[in-house]
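Shown next, in structure tokens, is the structure this report addresses.
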Amino acid sequence: MRSAYGLKIPEIDPELTRVGPGTPCGELMRRYWQPVCLSADLTDLPKRIRILGEDLVAFRDGQGRAGLLFFRCSHRGTSLEYGRVERDGLRCCYHGWLYDVEGRILDMPLEPPESTVKDHLWHPAYPVQEYGGLLFAYMGPLDKMPLLPRYDVLEAEGGTLRPRFGPRVGGAQDCNWLQSEENLMDALHAVWLHTVHSGAQFPTQAHSTLPERLVYEETEMGMRFVMTRRMDDGRWADVIWENIMPLNVHLTYTDEPVTEKVNQVSFCVPVDDTHQLGANIRWVPDGADPTELSGREKLAPAGRGPRDYEYSQRFPDDKEAQEGQGEIVVHAMERHVSSDEGVVLFRKILKTAIDDVRAGRDPKGIIRDPERAACVPTTSGAVVYQERPAHVA
């Protein structure tokens, strides 16, 4: 018998996991547009949010403009979440300082009329854009700001866009963002966790058995994998999942594989080092019910919401598997095998992107061509073949 006595736990990998200001990965994440909340969240009250370890307040002024400000008033530090939304901006509840969406101080009502103090101060703020019902923020250096990408699957005609922001169905929330992002590039966990161990957690046979062929490949914008299986009726199907740096993953959850492109774009949102959320934009064809649940949501009992501990032990999901790795998984304690090929590849891509930022280069996934940013090509989806495809030996 062996004993665990004397086991030493190594340090976490700060380069790949820390996302706060000034950290290597944090600086990388700040070179991309990040979703921070729903556009619909911007009502007549400000919304407090946390993203990349920073506390901020989002709001929409009376002219319809969205803004994202550092959450503490520049005067005496009161949280602007208690401020009042006005026509020209957000007014602090404590002494009435009024900020516009870019952080300009428009009014200091308790100061003498001749005071010019407000003309020499500027409150910290970030650029924002809205797309598909989500508010996106750019939190990096302004001279490096890229174009906000729009994806071909969301630009298709004959449909509307349905946004979602919050905890993912069955997904992790109280752990590092990387644990969920890597999970999405780990093709084979679906065969065991989501099928053999916990029962069917996807409404499709596309993830229920080991594939005949599984290929991971790096792409210009990120990476993807292609799983090829023979279906019960004798047909064959490729299922493709794609990552577009840094956090965008395209998934397919069809009831039965049919040849089609995916209809949604998803994001892992790093709240801070030990918390995360999910966001997605889903294209819904005209005439369909925009409130209809997706396949994953349909199978989730009560949205896979609050469950007792025994249920979670018997039927764990991504949430339990990833949060069970710890708030931040210790990479030095892992023992990689062949099924970890996607995780290893994604970490390599992430490290290269961090090095690119250090060297002053654009990392993978940055787009500066307006024509390309207006319709970014994607490949995720499924392809069904009547006979064994040529790429399967």
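Brief remarks follow.
- Springs join every pair of Cα atoms under 10 Å in this Gaussian network model of the chain, and among GLU15, GLU86, GLU114 the largest mean-square fluctuation is at GLU114.
- Which listed pairs, of LYS144/LYS348; LYS47/LYS348; LYS8/LYS351; LYS8/LYS319, have C-alpha distances above 28 Å, in listed order: LYS47/LYS348
- Which label in (1) 35, 25, 20; (2) 40, 25, 21; (3) 46, 25, 18 gives the computed semi-axes √(5λ) of the Cα gyration tensor in Å: (2)
- Radius 10 Å from Cβ of HIS95, net charge of other residues (Lys, Arg +1; Asp, Glu -1): +1
- Among the cysteines of the chain, CYS25, CYS37, CYS93, CYS175, CYS268, CYS375 have no other cysteine beta carbon within less than 4.7 Å of their own.
- MRE, 222 nm, helices only [DSSP H, n ≥ 4, -39500 (n - 2.57), over the chain, to nearest 500]: -3500 deg cm²/dmol
- Ligands, DNA and RNA are left out, and with a 1.4 angstrom probe the accessible area of the chain is 48 Å² per residue.
- Near VAL128, once Lys and Arg are set to +1 and Asp and Glu to -1 for all other residues with Cβ below 11 Å from its Cβ, the sum equals 0.
- Convex hull projection area averaged over all views, region 10-137, Cα basis, nm²: 9.1 nm²
- Region 326-377 - percent of accessible surface contributed by carbon and sulfur, probe 1.4 Å: 53 percent
- With the charge dipole of region 95-229 set up from +1 on Lys and Arg Cβ and -1 on Asp and Glu Cβ about the Cα centre, the Cα lying farthest toward the positive end among the listed residues LEU214, TRP177, GLY132 is that of LEU214.
- Between helix 341-358 and the chain: long-axis angle, C-alpha atoms, 0 to 90°, nearest 10: 30 degrees
- Within a Gaussian network of the chain (alpha carbon springs, distance under 10 Å), most fluctuating of ASP119, ASP88, ASP317: ASP119
- Global form of region 156-226, assessed from the alpha-carbon gyration tensor, a/c cut-off 1.5: rounded
- Over region 1-73, all Cα pairs binned in 10 Å intervals from 0 give whole-percent P(r) values of 16, 33, 23, 13, 8, 5, 1, 0, listed from short to long.
- Net charge over other residues, Cβ less than 12 angstrom from the Cβ of GLY62 (K, R count +1; D, E count -1): 0
- Highest-fluctuation residue, ARG162, ARG335, ARG347 considered, GNM on the chain with Cα pairs under 10 Å: ARG335
The values are calculated or read from the model by the stated rules, or taken from the named source; none is laboratory data. From a predicted model like this one, the values you see are computed outputs, not experimental measurements. FYI the Cβ positions are ideal-geometry reconstructions off the backbone, even for glycines, and counts take in every protein chain you see. Surface areas here come from the heavy atoms of the whole protein model, side chains and all, with no ligands, DNA or RNA. Shrake-Rupley method; radii C 1.70, N 1.55, O 1.52, S 1.80 Å.
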